[in-house]
2 protein chains.
Amino acid sequence: MEGDILRGHLDLLVVATVRGGASHGYAVIEALRAQSDGLFDPPEGTIYPVLHRLEAAGILASRWERPGRRRRRVYRLTDRGERWLADSGERWRRFSRGVTAVLGGAT
Amino acid sequence: MEGDILRGHLDLLVVATVRGGASHGYAVIEALRAQSDGLFDPPEGTIYPVLHRLEAAGILASRWERPGRRRRRVYRLTDRGERWLADSGERWRRFSRGVTAVLGGAT
DNA sequence: CTGTTATACATAGCCTGCCTATGTATCGAT
DNA sequence: ATCGATACATAGGCAGGCTATGTATAACAG
């Protein structure tokens, strides 16, 4: 990956993939890779702690499932998570506009 | 400011402002604040180490100036810095497209 | 049936880099 | 004289993404 470029934006990406249908940790990783066309490919050691943190913050909620014999922790957005996602999306757009403005015609 | 949201992108922003005419550290801070419409307002303790790091990396070069009696460290882009800026601008656009793609219609 | 790969989770510890706090010095305005 | 703005610098805190490692189940190749 490209350094720590996700720093500060990873929570948003993870919540967005859960919102978009990625129900458990492993699926989040695959969704990020697929939807970013291979650009984002975070290791498991990055994603699982993020999911725990987001659950502790009340943004996600989880329950265990076992579709075969293998267990999965399945996540969904809480109401608070929905609001958080909307706010964070707006924050991202502001940030992105800010960077673009600073870059200006320079590049 | 909004947490560590600049993490991983600050070097790009600083180099872009120098490229855009901000010749010394204090001016970089003001340029970032002005050009981002107040969104980015990094403290001096953030910017000066960045400038030192960028100079050590051969991206910027500096010399001392004293327009009055007060000294300034005046920066310019090296040739390598010009190339680095072009590459980093491209990296930023890829990153931005990636995030937008992951957000999808979700927000 | 054994080894390898994919699926699925988890945590300890490292390291980067942005921030807070603090210090120095010059200059204009009050 | 004092305060704010200008201008530089560095030490130390700390969040968070990454590496490394460990567990377990399933599928498939040879």
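Rolling a 1.4 angstrom probe over the range A:10-102 with all protein chains present gives an accessible area of which 45% lies on carbon and sulfur atoms. Helix-only arithmetic for chain A: the sum of -39500 (n - 2.57) across DSSP H runs with n ≥ 4, divided by the residue total, places the mean residue ellipticity at 222 nm at -18000 deg cm²/dmol.
Shape annotation for the range A:40-100: C-alpha extents along the principal axes are 49, 28, 18 Å, from largest to smallest. On association of chains A and B, roughly 2900 Å² of accessible area becomes buried (total for both chains; probe 1.4 Å).
Per-residue accessible area (protein heavy atoms, 1.4 Å probe) orders B:THR17, B:THR78 as B:THR78, B:THR17, starting from the largest.
Please say if the protein assembly as shown is rounded, prolate or oblate, where rounded means a/c under 1.5 for a ≥ b ≥ c the square roots of the C-alpha gyration tensor eigenvalues, and otherwise the choice is prolate for a/b larger than b/c and oblate otherwise? Prolate. Residues of the range A:70-93 falling in the label zone of A:TYR48, defined by backbone nitrogen less than 17 Å from a point 7 Å along Cα to beta-carbon, are A:70-75. Computed from Cα atoms, the angle from the helix A:44-56 axis to the main principal axis of chain A rounds to 80 degrees. Across the identical copies, the 7 Å label point of B:GLU44, projected outward along Cα→Cβ, sits 4.9 nm from its counterparts, in ascending order. Shown for the range A:35-51: residues covered by the partner protein chains by 10 Å² or more of accessible area relative to the chain by itself (probe radius 1.4 Å), namely A:GLN35, A:SER36, A:LEU39, A:PHE40. In the range B:5-25, which residues give up 30 Å² or more of accessible area once the other protein chains are added, compared with their chain alone (1.4 Å probe)? The answer is B:ILE5, B:ARG7, B:HIS9, B:LEU13, B:ALA16.
Sparsely packed loop sites in the range A:25-79 (the trypsin sites (Lys or Arg not before Pro) outside DSSP H, G, I, E and B with at most 11 other Cβ atoms within 10 Å) comprise A:ARG69, A:ARG70, A:ARG71. Centre-to-centre, using Cα atoms only, the range A:1-60 and the range B:42-107 are separated by 27 Å. Summed over the residues of chain B and divided among them, the accessible surface reaches 54 Å² per residue at a probe radius of 1.4 Å.
The values are calculated or read from the model by the stated rules, or taken from the named source; none is laboratory data. Keep in mind that what you see is a predicted model, and the values were worked out from it rather than measured. FYI the Cβ positions are ideal-geometry reconstructions off the backbone, even for glycines, and counts take in every protein chain you see. Accessible surface areas use protein heavy atoms only, side chains included; no ligands, DNA or RNA. Shrake-Rupley method; radii C 1.70, N 1.55, O 1.52, S 1.80 Å.
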